[in-house]
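Read through the structure below, which is laid out as structure tokens, and then see the notes.
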Amino acid sequence: MAIRGWLTGGLAGLLSGLLVVPASAAEPAFVVQDGVTQPIHADAIRETTWVDIGLDLDNNGVGDRVAADIVRPATAERVPVIIDASPYYSTNGRGNESERKSYDAAGVPVKFPLFYDNYFVPRGYAVALVDFSGSNRSTGCMDTGGRSEIASGKAVIDWLNGRATGYSAASGGSVKTASWSTGAAAMIGKSWDGSITHGVAATGVDGLRTIVPISAISSWYDWFRSDGVSLRSFGTPTSLASGFENSNARSRCGAVRTEMTNGAPANGDFTPMWSQRDFVRNASQVKAAVFSVNGRADLNVKPINWGQWLDALPASTPRKLWLSQTGHIDPFDFRRAEWVRTLHRWFDRWLLNIQNGIENEPQVSVERGVDQWSDSPTWPPAGLQSQRLYPVAGSVAGVGTLRSTPGTSTSSFTDNGSGTPSSYIASPNATSARRVLYSMGPFSSDVRLAGISRLTVAVTPSTPTAHLSAFLVDYGPATIRGTSGEGIRTLTTESCWGEDRPGDDACYRDTQATTSTVDATIIARGWADLANYQSLSAPRTLTPGTTYTMTFRLSATDYVVPRNHRLALVIAGTDSSMTTSPSQLPRVTVNLAGTSIQLPVVGALPQASTTGAPSASTVQQDITPGRLDAR
């Protein structure tokens, strides 16, 4: 039998697992059966509200307004809202099929990209797709992770709760209120869209009940830079914004562009502009439940972003983490049925207060094998320990072991500016002029690494400039998702999720995993500019022949190194697939006694052989990092 819930001025209370029904109830806003809301609403209202975000960055004397295209059930009862704010709705589009918004002759929104409206509106939710300030039908300026972008999302939540003003037009117009909303909101989004969920949640705004960041940036510095080094092919905040500005922003936002350009020096320094765009620093203010979804092989939005975000959240924050083997891919396209089922229950819990117990289920779900998922109870995992290992020289130059006590000698490599991850981790038994490699294993049992590894290097450059790369590698045979399509292949068949409406169907092309058989898999990677050994904001000129010590981060991971595999640390120079080269390419000598890696290990490291070396004939292919808006 269905359990019916009515909303009058707010969410109905829950008593002994049953929804309390007001005596004067009209038609239900939602119906629960088998623990989840059911599709009961056949008709929907489509409209646009332009919300004043409290800024005037385009300096036209009028408050900047963002366009919120809304579709909601045609009911007299109040409903919660799912928000996806994006700069892409009129440009690159959203999802695997690059869907864009469309409008009828009167400007009423018709096409809502992605499946959220088709699936959730019949179940008693509104969906609001918000154009970033300065994009599509919004006014104002784009500022790539800055205050205008965050205001684009926060102001809509404030409007839903009666704290901001909405209008019927981008300029002028009549005042519009959200009398149809309960005030409860979720934010969801992939990539740039997901970044704004982090930023808005970090303001602590009331009414935001949950965020679902997918492959999302938590610090914009860590998208454009890495511990002092500039990342190749990612451009600048100014160049990124310029590709998605509307005509008003292009003509009126020169001052904002200049501010971004001056705040993002090419040398990779951390500046006040980057600090403003670092959402991790205010993560302690987050009140919303967090469902974070990421790809282990994502070299677009690097995995450091999800790891540092979850680490910074209050311990009391309800959370869930999915980690796939894919690159920059939406879970709708790598685990579709389970994604829709889980997201449905997640929104029911946090927006409608349906006590379905999802917050008590395992927090972590990781794709250990292709389409093979393993769950664990909590994040961070129970039994997590930080364990430090040191490189120790072996009988082959530049090849050695990882041990719990320091070595005493040195090893060297020469940066030629063209090395790649696959070339650095190949031929692990042999001397390479371009890297040094230290391994541990084979392990007597599985080893789980879960979190962010940190590498401390004591190195001596032969020139005044030096860039470093580091890779944590699992040497052993495996079948993993291949790099073609970043782990998926799009098929010709379709599946449907929700209700069709004129101009907006609910059907999407299916996908399947691509696979590769490899003998080595990169678990985590990191990059740094040695000139920032003392400070990310103040580089130092290096003196050739002088030893410098620097600690930098490798990407976050949750990875199991199987029994009989080997764990290795590779240290090299420029990663030409990701980082810029230093102005003078150095020979780098590694002081082993002062070099170590701090690993996040669940439990204790098992016994491992300290003799021999790993073998690898087929290494994990490199994924070429795509644009932020890819897929």
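If you go through segment 231-241 and keep only what is in contact (Cβ under 8 Å) with a residue 60 or more places away in the chain and surrounded by fewer than 22 Cβ atoms within 10 Å (Cβ to Cβ), you end up with Leu231, Arg232, Ser233, Phe234, Thr238.
Segment 10-113 holds strands (runs of 3 or more DSSP E) entirely within its bounds, and those carrying 1 or more residues that are assigned by the TED database to the domain that holds Asn136, in contact with a Pro (Cβ under 8 Å, 6 or more places away or on another chain) and at pLDDT 95 or above map to 44-52, 65-73, 79-86, 109-111. For segment 159-178, give me each residue that is without any contact (Cβ under 8 Å) to a residue 60 or more places away in the chain and under 22 Å from Pro109 (Cβ atoms). Within segment 159-178, Gly172, Ser174, Val175, Thr177 qualify.
Matching residues to (1) in a helix (DSSP H, G or I); (2) in contact with an Asp or Glu (Cβ under 8 Å, 6 or more places away or on another chain); (3) open to solvent by less than 10 Å² (accessible area, probe 1.4 Å); (4) not assigned by the TED database to the domain that holds Asp69:
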| position | (1), (2), (3), (4) |
| --- | --- |
| Ala128 | no, yes, yes, no |
| Thr139 | no, yes, no, no |
| Gly145 | no, no, yes, no |
| Ile150 | yes, no, no, no |
| Asp158 | yes, no, no, no |
| Gly162 | no, no, no, no |
| Ala169 | no, no, no, no |
| Ala184 | no, no, yes, no |
| Gly189 | no, yes, yes, no |
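When segment 243-274 is filtered for residues that are of a type in the set (S, T, N, Q) and in contact (Cβ under 8 Å) with a residue 24 or more places away in the chain, the ones remaining, listed by number, are Asn246, Asn248, Thr261, Asn267, Thr271. Within segment 535-564, if we keep just the residues that are open to solvent by less than 40 Å² (accessible area, probe 1.4 Å) and assigned to a loop (DSSP other than H, G, I, E, B), the residue that is farthest from Val301 (Cα to Cα) turns out to be Leu542. Strands (runs of 3 or more DSSP E) fully within segment 448-534 that include at least 2 residues being among the small types (Gly, Ala, Ser) and in contact (Cβ under 8 Å) with a residue 60 or more places away in the chain: 467-481, 515-529. Right, Val570: more than 24 Å from the chain's Cα centre (by Cα), within 21 Å of Thr463 (Cα to Cα) and outside any loop (DSSP other than H, G, I, E, B) or not? Here the answer is no, as Val570 does not meet what is asked. Out of curiosity, is Leu437 open to solvent by 30 Å² or more (accessible area, probe 1.4 Å), assigned to a strand (DSSP E or B), touching a residue at least 12 places away in the same chain (Cβ under 8 Å) and of a type in the set (A, V, I, L, M)? No, not satisfied.
A single member of Thr431, Thr405, Thr378, Thr410 is open to solvent by 40 Å² or more (accessible area, probe 1.4 Å), β-branched (Val, Ile, Thr) and farther than 26 Å from Ala470 by Cα, and it is Thr378.
The values are calculated or read from the model by the stated rules, or taken from the named source; none is laboratory data. All figures in this text were calculated on a predicted structure; none of them were measured in a lab. Positions of Cβ are generated from backbone atoms using ideal geometry, with glycine treated the same way; all protein chains shown enter the neighbour counts. Only protein heavy atoms, including side chains, enter the accessible area calculation; ligands, DNA and RNA are left aside. Shrake-Rupley method; radii C 1.70, N 1.55, O 1.52, S 1.80 Å.
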